[in-house]
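These notes are about the structure you will find just below.
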Amino acid sequence: MVDITFQDGIMTAQLYGEIDHHIAPKIRGLIDARAESCRPEVLQLDFSAVSFMDSSGIGLVMGRYRTISLLGGRCEVVNIPPPLQRVFRLSGLGGLGVLR
């Protein structure tokens, strides 16, 4: 699901497994609660260990982008596996400048 670390102003959410409409709300709650408590300068969503993602994953990213922006930080999506790169490209998230 998600492991969250915070160091030097950077909060990293290491996502793993499958992200679908069943699990996305749980991940969202965990990330948001931690972000509100530590107010990171950067939220990195690391997708390196994600094996499957549906549109709920895009919604997860868009929501965290909005939340972290309201907290004064920025969001980055990193380590996107090749099978998911097309989904991200088609989503339009590149226009937000979050894809790394």
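The values are calculated or read from the model by the stated rules, or taken from the named source; none is laboratory data. Fair warning: this is a prediction, and the values are worked out from it, not measured in the lab. Note that we place each Cβ from the backbone using ideal geometry, even for glycine, and neighbour counts take in every protein chain shown. With ligands, DNA and RNA removed, areas are computed over all heavy atoms of the protein, side chains included. Shrake-Rupley method; radii C 1.70, N 1.55, O 1.52, S 1.80 Å.
Computed over the chain, the per-residue total of -39500 (n - 2.57) for DSSP H runs of n ≥ 4 gives a 222 nm mean residue ellipticity of -13000 deg cm²/dmol, rounded to 500.
For a paramagnetic label modelled on residue 100 (point 7 Å from Cα along Cα→Cβ), amide N atoms under 14 Å away are absent within segment 49-68. For segment 2-96, the share of alpha carbon pairs falling in successive 10 Å distance bins from zero is 17, 56, 27, 1 percent. Evaluate the Kirkwood expression for the hydrodynamic radius of segment 30-75, namely the inverse of the mean inverse distance over all pairs of different C-alpha atoms, and round to one decimal in Å. That comes to 11.1 Å for segment 30-75. Between residue 90 and residue 30, the contour length at 0.36 nm per residue exceeds the alpha carbon distance by 18.9 nm. Each peptide in 72-79, 49-56 was scored by the mean count of other Cβ atoms within 10 Å over its residues; highest first, the order is 72-79, 49-56. When the charge dipole of the chain is built from unit charges on Cβ atoms (+1 for Lys and Arg, -1 for Asp and Glu) and taken about the Cα centre, the candidate among 58, 92, 5 whose Cα reaches farthest toward its positive end is 92.
Near residue 44, the amide H atoms lying under 5 Å from its own belong to 11, 12, 13, 76; only residues 5 or more places off or on other chains count, and H is placed 1.01 Å from N.
Round to the nearest 0.05 the FRET efficiency obtained for residue 54 and residue 5 when R0 = 25 Å and r is the Cβ-Cβ distance. Here the calculated transfer efficiency is 0.45. Bridges between two residues of the chain, per DSSP, are antiparallel at a rate of about 30%.
At 1.4 Å probe size, with the rest of the protein present, what percent of the exposed accessible area of segment 1-89 is carbon and sulfur atoms? Solvent-exposed carbon and sulfur of segment 1-89 make up 51 percent of the total. Counting only protein heavy atoms and a 1.4 Å probe, segment 2-96 has 53 square angstrom of accessible area per residue.
Under the convention that each Lys and Arg Cβ holds +1 and each Asp and Glu Cβ holds -1, the size of the dipole of the chain around its Cα centre is about 240 debye.
Across the chain, the relative contact order, built from alpha-carbon pairs under 8 Å that are at least six residues apart, equals 27 percent.
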